[in-house]
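Below you'll find the structure, written out as structure tokens, and then a few comments.
The values are calculated or read from the model by the stated rules, or taken from the named source; none is laboratory data. Worth saying up front: this structure is predicted, and the values here are computed from it rather than measured. Virtual Cβ from ideal backbone geometry, glycine too; neighbours counted across all protein chains shown.
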Amino acid sequence: MTTKLPKKKEAESSFTISDIAGIGLRTLKLLVDFGAILLFLLGVLGAGLGLGYVASLFDSVEVPNTTELVKDVTEVSRISKVVYADGSLVSEISSDLLRTPVEADAISENVKKAVIATEDVTFETHNGVVPKAVLRAALGSAGVGSSSGGSTLTQQLIKQQIVGDAPTFRRKANEIISALALERAMSKEEILTTYLNVSPFGRNNQGRNIAGIEEAARGIFGKSAKELTVPQAAFIAGLPQSPIVYSPYSSSGGFKSDEAMAYGIERSKDVLYNMYRAGYINEADYETYLAYDIKKDFVPPAPILKDTRDYLYYAVLSEAEEIMYRYLIKRDQVSAYDLKNDKTVKSYEDLAKQTLSQGGYTVTSTVQKNIYDAMQSVVANYGDVLDSGGGLVETGSVLLDNNTGAILGFVGGRDYHVNQNNHALNTKRSPGSTIKPFLAYGVAIDQGLMGSASILSNYPTTFSDGTPIMHVNSNGTGMMTLQSALNSSANIPAFWTYKMLRNEGVDVKSYMDKMNYDIDLYDIESLPLGGGVETTVAANTNAYQALANGGVYNEHYIVEKITAHDGTVIYQHEANPVQVYSKATSSIMMMLLRTALASGETSTFPGRLASINSQAAASDIVGKTGTSNDTADVWLMLATRQITLGTWAGHDDNSGMELLTGYHNNAAYVAYLTSALYEVRPDLFAGRFQLDDSVIASSVLTSTGTRPGTVQVNGSPITLGGAMTTSYWARNGAPIANYHFMIGGTNNDYAKAWSALRPAPPKPTPKSSSSTSSSSTTTSSTTKPEVNSSDSNR
């Protein structure tokens, strides 16, 4: 028997199951509605803040002078140029841009309609801006919607000619104010004609950049702008949105692939639709034009001759574009926050290139024509002396003015038209042993931890992983002076010197940072041998410039100034000298490097220079070689009081060269280079390096590099004597004799060192014998000093 619950009870039971869920859903809905209301209120608040922010920006923008505005907008590009230090021409910058302005009646109505229909359908009625687009941008600045709005043709003209396309609202405010002012100063036809005369249209059939409707018509369809048909006009009208992408031609002047060309063709179909929608063409014409094969109208490719400019032009232009970028950023007061936006950065980079190439600027370089020509002549006529057992060897050289850091000349490579890699300014390679003087020894001298006559350990040793530290085929010899270590470019002394600096807590990185010398890791054991480092010839030469210039670093540069067409100097290089090493350190290193070069142990340069130019060889020239593992890189760094010359040679693929490439081949090549420089500028070789007055001269034992004293060795006092010499210190002066007199070395090494240093006990007097006469033959072994053909970091 089943008992039914009363209806009331049944209802109560139902409430407890389903109605509870309903209450939860209604509660959730209330929360959602409340959230929506809250978001709406925040949006309104944000919009208010956005509008307030926009109002403040507009309030800070000055209304432009009408006359100047029209002049800036209608001014067609002027030819900019790069010149040598003496003002003689290197090359025109804008010679690759073709533009031929025409009057309004020389432009087909088809083009005008196509552009209006696609870019600004309300062009004939607005006053320069579309209010709803401005409001959309204002809300976007507060994070409500998009900050970008459709720009009118007037605004686009302002962007192209004056303010650029950076996605910042300050720039947008300038654009809007200027557009409103321009509409009051120019007629609609004048604005449209100017727009068509200045807009970029990609490339022509020669691969050259084109701007303006006339060059577009002739370069793509082989006819004047007046003669363009509707399909042709539609194709050209679609180009300004993305000229390079939509252009049918590649940079070489040839046709793009069908796949790549399709982008421009599809874009032209969009333009045709816009013309139909705007009522410029009827439906039947639209269908006819849509089916038209526009590709058959493209003029055949006619590539121009290859670029005749070289490393110099592109090196100067690259630095000038960076300078112009910074100038525009400062001019437009672009904030650090805005520069976090990649689009803003890209737009200003593009604007810098456009402004520089089309603004009639003169970029004056630091390069002296006679020096540059002499260096190019040497690489052309004597570069082949580098080639040895591995095909063509590339090279790069940089000549710096010690007092300013100005690049007076450089060699970017053997032949720009064969290899465009700039081996002087851009290519990074291992510095090999050229790093030793400024990373290890220079810092140690500067810190007062080493003097010119200090003794270093060259006893055999290993890296922490057990790998022997080799120097060519030698695993170490014993003790050696700092001068000998530099002469032979021995690796073990540099290893111990750097280890000493690390143990003493010396901030080596701060020295390198002052010279903008980029090193990723400082805890690499082989770092003082060039391990784990890659640098450019320019950066390496700059480090030697600091050593040669009283310890003062002047960052290298190649643009002296940039002048506008009206004579206004918008940029002038300003010196920013940085004291890296003391004057004492600088002068001590120059003394050491003078002897290192003259010794001829790692390079035949001195003898080779003397054989071809005795006057140049008589100059006070200091220097240092460097070779990386497997002779993949060879260097020779030279300096006089006035200049520093750095030269590298190697293969782009890092393959090795013959063992003696640095010792012989590079030495010969740099001798020719040095001789040529002396012939055109002998004054750059004048003067001699002198020890600075602040240098501390200490009289030391030649054997230990310390002042005389008594040392406890194995519990016995030893007072060393013997030859004395002068050791030059930047700080402190030489220490008194002590057991650990060497820089580096293990306990076992010191035991060997003192065994060699301690006075020999007196020999006993031999007994005389009348009956027996004995003679002993002593074999004297003389070890000939090894002439190292390489100073590899192996």
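Could you pull out every one of the helices (runs of 4 or more DSSP H) wholly within the stretch 487-574 that has 1 or more residues that are touching a strand residue (DSSP E or B) at 6+ places or on another chain (Cβ under 6 Å) and under 28 Å from residue 312 (Cα atoms)?
Of the helices (runs of 4 or more DSSP H) lying wholly inside the stretch 487-574, those with at least 1 residues that are touching a strand residue (DSSP E or B) at 6+ places or on another chain (Cβ under 6 Å) and under 28 Å from residue 312 (Cα atoms) span 508-514, 537-548.
Before we move on, is residue 590 in contact (Cβ under 8 Å) with a residue 24 or more places away in the chain, in the same structural domain as residue 404 (by TED's automatic domain parsing), touching a Ser or Thr at 6+ places or on another chain (Cβ under 6 Å) and crowded, with 18+ Cβ neighbours inside 10 Å?
no
Any chance you could count how many residues in the stretch 598-620 are over 32 Å from the mean Cα position of the chain (by Cα), assigned to a helix (DSSP H, G or I) and surrounded by 19 or more Cβ atoms within 10 Å (Cβ to Cβ)?
4
All but one of (1) closer than 20 Å to residue 296 by Cβ; (2) touching a Ser or Thr at 6+ places or on another chain (Cβ under 8 Å); (3) modelled with pLDDT of 95 or more hold for residue 236; state the number of the condition that does not hold.
(2)
Could you please find all residues in the stretch 591-639 being closer than 15 Å to residue 432 by Cβ and in contact with a Phe, Trp or Tyr (Cβ under 8 Å, 6 or more places away or on another chain)?
Passing the criteria: 602, 603, 623, 624, 625, 626, 627, 633, 634, 635, 636, 637.
Let me confirm something: among 559, 580, which residue is farther than 30 Å from residue 728 by Cβ, surrounded by 23 or more Cβ atoms within 10 Å (Cβ to Cβ) and in the same structural domain as residue 437 (by TED's automatic domain parsing)?
Selected residue: 559, the only one of 559, 580 that is farther than 30 Å from residue 728 by Cβ, surrounded by 23 or more Cβ atoms within 10 Å (Cβ to Cβ) and in the same structural domain as residue 437 (by TED's automatic domain parsing).
Given the structure, is residue 435 hydrophobic (A, V, I, L, M, F, W, C), over 20 Å from residue 627 (Cα atoms) and either in contact (Cβ under 8 Å) with a residue 40 or more places away in the chain or not in a loop (DSSP other than H, G, I, E, B) (or both)?
When the stated conditions are applied, residue 435 does not pass them.
Evaluate the stretch 132-153: report whether one residue or more is modelled with pLDDT of 90 or more and either outside any helix (DSSP H, G or I) or of a type outside the set (Gly, Ala, Ser) (or both). Don't jump to the end; show me each part of the working.
So the first thing to find is which residues in the stretch 132-153 are modelled with pLDDT of 90 or more, and the list is 152-153.
Those left that are additionally either outside any helix (DSSP H, G or I) or of a type outside the set (Gly, Ala, Ser) (or both): 152-153.
Yes: one or more hits.
Suppose the filter is in contact with a Gly (Cβ under 7 Å, 6 or more places away or on another chain) and either closer than 22 Å to residue 633 by Cα or in a helix (DSSP H, G or I) (or both); does residue 595 pass it?
No, not satisfied.
Could you please let me know if residue 451 is outside the structural domain of residue 317 (by TED's automatic domain parsing), surrounded by 23 or more Cβ atoms within 10 Å (Cβ to Cβ), within 23 Å of the chain's Cα centre (by Cα) and modelled with pLDDT of 95 or more?
On the way: outside the structural domain of residue 317 (by TED's automatic domain parsing): yes; surrounded by 23 or more Cβ atoms within 10 Å (Cβ to Cβ): yes; within 23 Å of the chain's Cα centre (by Cα): no; modelled with pLDDT of 95 or more: yes.
Against the criterion (outside the structural domain of residue 317 (by TED's automatic domain parsing), surrounded by 23 or more Cβ atoms within 10 Å (Cβ to Cβ), within 23 Å of the chain's Cα centre (by Cα) and modelled with pLDDT of 95 or more), residue 451 does not qualify.
Look through the stretch 356-370, keep the residues that are more than 20 Å from the chain's Cα centre (by Cα) and buried (at least 20 other Cβ atoms within 10 Å of the Cβ), and return whichever of them is modelled with the highest pLDDT.
Only one residue tops the list, namely 368.
Name the residue, out of 484, 464, 474, 489, that is crowded, with 24+ Cβ neighbours inside 10 Å and either closer than 22 Å to residue 600 by Cβ or touching a residue at least 24 places away in the same chain (Cβ under 8 Å) (or both). Show your work before the answer.
Values: 484 fails: crowded, with 24+ Cβ neighbours inside 10 Å; 464 fails: crowded, with 24+ Cβ neighbours inside 10 Å; 474 fails: crowded, with 24+ Cβ neighbours inside 10 Å.
After applying the criteria, what remains is 489.
I'm checking my understanding of the structure. Among residues of the stretch 575-588 that are assigned to a loop (DSSP other than H, G, I, E, B) and out of contact with any strand residue (DSSP E or B) (no Cβ under 8 Å at 6 or more places or on another chain), which one is farthest from residue 444 (Cα to Cα)?
Within the stretch 575-588, the match that is farthest from residue 444 (Cα to Cα) is 575.
From the list 497, 427, 461, pick out the single residue that is in the same structural domain as residue 605 (by TED's automatic domain parsing), more than 15 Å from residue 525 (Cβ to Cβ) and of a type in the set (S, T, N, Q).
The unique qualifying residue is 427.
Being assigned to a helix (DSSP H, G or I) and β-branched (Val, Ile, Thr) is the filter; apply it to the stretch 227-246 and report the residue that is nearest to residue 202 (Cα to Cα).
Filtering first and then ranking leaves 244.
Scan 121, 90 and give me the residue that is outside any helix (DSSP H, G or I), surrounded by 18 or more Cβ atoms within 10 Å (Cβ to Cβ) and touching a residue at least 24 places away in the same chain (Cβ under 8 Å).
90
Residues that are of a type in the set (Val, Ile, Thr), at pLDDT 95 or above and in contact with a helix residue (DSSP H, G or I) (Cβ under 8 Å, 6 or more places away or on another chain): does the stretch 284-291 have at least one?
No, there is no match, as no residue in the stretch 284-291 is of a type in the set (Val, Ile, Thr), at pLDDT 95 or above and in contact with a helix residue (DSSP H, G or I) (Cβ under 8 Å, 6 or more places away or on another chain).
In the stretch 159-194, which residues are hydroxyl-bearing (Ser, Thr, Tyr) and surrounded by 23 or more Cβ atoms within 10 Å (Cβ to Cβ)?
168, 178, 194
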